[in-house]
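Single-structure report; data block below.
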Ligand SMILES: Nc1ncnc2c1ncn2[C@@H]1O[C@H](COP(=O)(O)OP(=O)(O)OP(=O)(O)O)[C@@H](O)[C@H]1O
Ligand SMILES: [Mg+2]
């Protein structure tokens, strides 16, 4: 599904990723943990093609294609989805209209028919039940004035609507109450299929109780410094990062 | 021949109408001749050079072509079923118009139909002073226009759609559309003043609109300027708002070679209010210049202005907002905002607020911003699969929604939204030689 080799990236004049390797198979769930500022969001941004992050080395293969050659929209159409750590507020653009445009762009790419407003409404209503989101939020501007939790639910809703094959969740659990956390996790689990993979970036073990990872990685100093099974997350929760990152970070 | 002499000569050829009107025309022409064509050394015309208009020997617009309803629908969509009033090259076109059948509640008539109408005397050309020499030219030369009266206490639900079609021929033509709107006390109406072109060609529209808002009356005036991208367009709106009256003026300009709009509102009674909203979109080498002037003459008046511009290519925008609060106008509340989106490095905007506050107990605020499309928002949209061009369009629609939301006519608001994107595309496509 995803094969990252020796990935280096810089933003704002700083080298952030410094030779990162990560391989994910289809159907797998990988968790990436690591201290603040270690480069987790930068990794997510590189994978989704944020123009302000410059890739300076390494390669990323996604379903056998060179992912780095694709524009952000092409990646989305190919099934890459990033749930943003900080979703963007876009005044004046209706959430409904935005999601319909997004889905229709992806459907066009897949050779599927375009949905009209009625079809889309029906589809989105179904998905909204899954994330228990208030329909009123669909008629507001994208994320504008949404609470922290509402923004995250909106990300999960978009994921549910677009049905990506590689979902990257960047701290989707931050700012969620316990119920919302469970709902978000259910949204992710509902998406799971043998041909779809999930990359979960988180600081907390509790999300991983709901979305159980096959692998856990520790990112520090722009590299993966340790990988293990789900127990690694428990160990990190208990001991912190010091025992791994001492001497490992650049 | 110099431009002033040119107009003097053409004046001999016009039909002056009733004696009172003839006298008024002569007075306006004299004022025009005396003032001459302003130079860019005059602050008011610093960015917009009137010589660009004056250098052409404009001929009075000839009688326009026959136009059918389908053609009209095409250029001025959406056309509302019940009350559309059409002028082609400045002359009333009865065959295309469906004057409202509302009995005495609403009167719409062609100014030319009965220019001796004593109803008009003392009313036409009575709202404020001409702001620019071009307004005097309009008074001297207008052939026709609309006179709208809304009777005391009557609320008109349907918008009234005035369409001014500019149909250029081989010669460069000038049309001088004229509108007078009188809302009697307690009445309410929406009037759309729509300026459109039928085909391209050298043309100059010089429009003047006077609005009288009676006590406790409410007028929404929506001016849409969507003529050919190569046209020249000058307009002036002058309004007087009586006690507790309210005027909402929308000035929506979609880019011509040169557009200059002057809007002057006098809050003439206690508690009078006005909102002036503007949208301007220009690309290529186009110029859009908006000058506003709100005169708080009486206490407890409220004015709010929001002008938003999108400029692409080498387009230039001007926003000059003057607010005067007179010594007696205590408890006035005035706000003014100008926000601009520059899509290219070569586009420019010149914003100038001019506040003259001569009362002490007032609230007054103003601000302006200039920015580009937000990169984080663009990336967010693209990361969901929305192609770059479409993402840009979406953000532009988002930017203008603050203006379109304020229009009470929903079908028009949707069309305006589309026009933003269409016109920016059109301006990009104008061939070099046509600029
Ligand atoms: N555009 C930028 N300009 C300058 N520095 C940047 C930029 N983007 C990221 N950085 C820096 O790179 C480092 C890694 O940032 P990143 O957001 O990837 O961290 P993170 O692991 O996601 O942290 P957190 O756990 O706090 O979300 C940080 O020190 C950050 O300040
Ligand atoms: Mg982060």
> So residue A:97 fits all but one of (1) without any contact (Cβ under 8 Å) to a residue 12 or more places away in the chain; (2) under 25 Å from residue B:395 (Cα atoms); (3) within 16 Å of ligand 2 (Cβ to nearest atom); what number is the exception?
Replying inline: (3)
>> For region B:258-297: of the residues being out of contact with any strand residue (DSSP E or B) (no Cβ under 6 Å at 6 or more places or on another chain) and in contact (Cβ under 8 Å) with a residue 40 or more places away in the chain, which is surrounded by the most Cβ atoms within 10 Å (Cβ to Cβ)?
In response: B:286
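This table checks each residue for (1) part of a helix (DSSP H, G or I); (2) more than 14 Å from every other protein chain (Cβ to nearest Cβ); (3) more than 16 Å from ligand 1 (Cβ to nearest atom).
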position: A:151; (1), (2), (3): yes, no, no
position: A:188; (1), (2), (3): yes, yes, yes
position: A:212; (1), (2), (3): no, yes, yes
position: A:219; (1), (2), (3): no, yes, no
position: A:238; (1), (2), (3): yes, yes, yes
> Condition test on residue A:178, is it away from ligand 1 (no atom under 16 Å from the Cβ), surrounded by fewer than 19 Cβ atoms within 10 Å (Cβ to Cβ) and within 30 Å of residue A:34 (Cα to Cα)?
Replying inline: yes
>> Criterion first (surrounded by 19 or more Cβ atoms within 10 Å (Cβ to Cβ), touching a strand residue (DSSP E or B) at 6+ places or on another chain (Cβ under 9 Å), in a helix (DSSP H, G or I) and more than 14 Å from chain B (Cβ to nearest Cβ)) does residue A:184 satisfy it?
In response: yes
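Provide a single number: the residues in region A:55-70 that are within 14 Å of chain B (Cβ to nearest Cβ) and either within 14 Å of ligand 1 (Cβ to nearest atom) or within 17 Å of the chain's Cα centre (by Cα) (or both).
Let us first name the residues in region A:55-70 that are within 14 Å of chain B (Cβ to nearest Cβ), namely A:67, A:70.
Next, only the ones that are either within 14 Å of ligand 1 (Cβ to nearest atom) or within 17 Å of the chain's Cα centre (by Cα) (or both) stay: A:67.
The number of residues fulfilling the criteria is 1.
Do the conditions hold for residue A:169, that is, is it within 14 Å of chain B (Cβ to nearest Cβ) and within 16 Å of ligand 1 (Cβ to nearest atom)? First the steps, then the outcome.
On the way: within 14 Å of chain B (Cβ to nearest Cβ): yes; within 16 Å of ligand 1 (Cβ to nearest atom): yes.
The answer is yes for residue A:169.
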> How many of the residues making up region A:16-38 are away from ligand 2 (no atom under 13 Å from the Cβ) and not in a strand (DSSP E or B)?
Replying inline: 4
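Have a look at B:393, B:374 and point out the one that is in contact (Cβ under 8 Å) with a residue 24 or more places away in the chain, in contact with a helix residue (DSSP H, G or I) (Cβ under 8 Å, 6 or more places away or on another chain) and surrounded by 17 or more Cβ atoms within 10 Å (Cβ to Cβ).
Details: B:374 fails: in contact (Cβ under 8 Å) with a residue 24 or more places away in the chain.
Of the residues listed, the single one that is in contact (Cβ under 8 Å) with a residue 24 or more places away in the chain, in contact with a helix residue (DSSP H, G or I) (Cβ under 8 Å, 6 or more places away or on another chain) and surrounded by 17 or more Cβ atoms within 10 Å (Cβ to Cβ) is B:393.
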> Can you name the residue in region A:39-53 that is within 12 Å of ligand 2 (Cβ to nearest atom) and part of a helix (DSSP H, G or I) and, of all such residues, is nearest to the chain's Cα centre (by Cα)?
Replying inline: A:44
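Which of the residues belonging to region A:145-166 are touching a helix residue (DSSP H, G or I) at 6+ places or on another chain (Cβ under 7 Å) and within 16 Å of ligand 2 (Cβ to nearest atom)?
So the first thing to find is which residues in region A:145-166 are touching a helix residue (DSSP H, G or I) at 6+ places or on another chain (Cβ under 7 Å), and the list is A:146, A:149-150, A:152-154, A:156-163.
Hit for region A:145-166 is A:152, nothing else.
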> In the list A:93, A:106, which residue meets the criterion of being away from ligand 1 (no atom under 16 Å from the Cβ), part of a strand (DSSP E or B), surrounded by 20 or more Cβ atoms within 10 Å (Cβ to Cβ) and within 10 Å of chain B (Cβ to nearest Cβ)?
Replying inline: A:93
> Of (1) within 16 Å of ligand 1 (Cβ to nearest atom); (2) at pLDDT 95 or above; (3) out of contact with any helix residue (DSSP H, G or I) (no Cβ under 8 Å at 6 or more places or on another chain), residue A:203 satisfies all except one. Which?
Replying inline: (2)
> Restricting to region B:16-70, what's the tally of residues that are surrounded by 13 or more Cβ atoms within 10 Å (Cβ to Cβ) and not in a helix (DSSP H, G or I)?
Replying inline: 22
> Quick check: anything in region A:5-15 within 16 Å of ligand 2 (Cβ to nearest atom), more than 18 Å from the chain's Cα centre (by Cα) and surrounded by fewer than 16 Cβ atoms within 10 Å (Cβ to Cβ)?
Replying inline: yes
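Only one residue in A:19, A:13, A:6 is away from chain B (no Cβ under 14 Å), out of contact with any helix residue (DSSP H, G or I) (no Cβ under 9 Å at 6 or more places or on another chain) and at pLDDT below 95. Which one?
Working: A:19 fails: at pLDDT below 95; A:6 fails: at pLDDT below 95.
After ruling out the rest, the residue left standing is A:13.
For the subset of region A:24-39 comprising residues that are within 12 Å of ligand 1 (Cβ to nearest atom) and surrounded by fewer than 22 Cβ atoms within 10 Å (Cβ to Cβ), which member is farthest from the other protein chains (Cβ to nearest Cβ)? Give the steps one after another, and end with the answer.
Kept after step one, since they are within 12 Å of ligand 1 (Cβ to nearest atom), are these residues of region A:24-39: A:32-39.
From what is left, the residues that are surrounded by fewer than 22 Cβ atoms within 10 Å (Cβ to Cβ) are A:35-37.
Working: A:35: 24, A:36: 20, A:37: 19 Å.
Ranking the candidates gives A:35 first.
Assess whether residue A:207 counts as being closer than 19 Å to residue A:229 by Cα and either part of a strand (DSSP E or B) or within 16 Å of ligand 2 (Cβ to nearest atom) (or both).
On the way: closer than 19 Å to residue A:229 by Cα: yes; either part of a strand (DSSP E or B) or within 16 Å of ligand 2 (Cβ to nearest atom) (or both): yes.
For residue A:207, the condition - closer than 19 Å to residue A:229 by Cα and either part of a strand (DSSP E or B) or within 16 Å of ligand 2 (Cβ to nearest atom) (or both) - is met.
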> If you check every pair at least six apart or on different chains, which have Cβ atoms under 6 Å apart with a residue in region A:217-231 that is under 10 Å from residue A:33 (Cβ atoms) first and a residue that is part of a helix (DSSP H, G or I) and within 16 Å of ligand 2 (Cβ to nearest atom) second?
Replying inline: A:219/A:40
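Let me confirm something: among A:87, A:51, which residue is loosely packed, with under 15 Cβ neighbours inside 10 Å, more than 22 Å from residue A:244 (Cα to Cα), within 16 Å of ligand 1 (Cβ to nearest atom) and within 14 Å of another protein chain (Cβ to nearest Cβ)?
Numbers: A:87 fails: loosely packed, with under 15 Cβ neighbours inside 10 Å.
Answer to the check: A:51.
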>> Need pairs with beta-carbon distance below 8 Å; first residue under 20 Å from residue A:227 (Cα atoms) and within region A:29-51, second part of a helix (DSSP H, G or I) and more than 9 Å from ligand 1 (Cβ to nearest atom); sequence gap 6+ or separate chains.
In response: A:31/A:208; A:31/A:233; A:33/A:233; A:33/A:236; A:35/A:245; A:47/A:67; A:47/A:75
> Here are some residues: A:44, A:117. Which one is crowded, with 21+ Cβ neighbours inside 10 Å and within 14 Å of another protein chain (Cβ to nearest Cβ)?
Replying inline: A:44
>> When the residues of region A:124-144 are narrowed to those that are within 14 Å of chain B (Cβ to nearest Cβ), farther than 14 Å from residue A:85 by Cα and in contact (Cβ under 8 Å) with a residue 40 or more places away in the chain, which ends up farthest from ligand 2 (Cβ to nearest atom)?
In response: A:139
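From the list B:28, B:51, B:18, exactly one residue is touching a residue at least 12 places away in the same chain (Cβ under 8 Å) and farther than 21 Å from residue B:142 by Cβ. Which is it? Talk me through it step by step, then tell me what you get.
Numbers: B:28 fails: farther than 21 Å from residue B:142 by Cβ; B:18 fails: farther than 21 Å from residue B:142 by Cβ.
Every option except B:51 fails the conditions.
The values are calculated or read from the model by the stated rules, or taken from the named source; none is laboratory data. Treat the numbers as computed from the prediction; the structure is a model and nothing was measured. Neighbour counts are summed over all protein chains in view; Cβ atoms, including those assigned to glycine, are modelled from backbone coordinates with ideal geometry.
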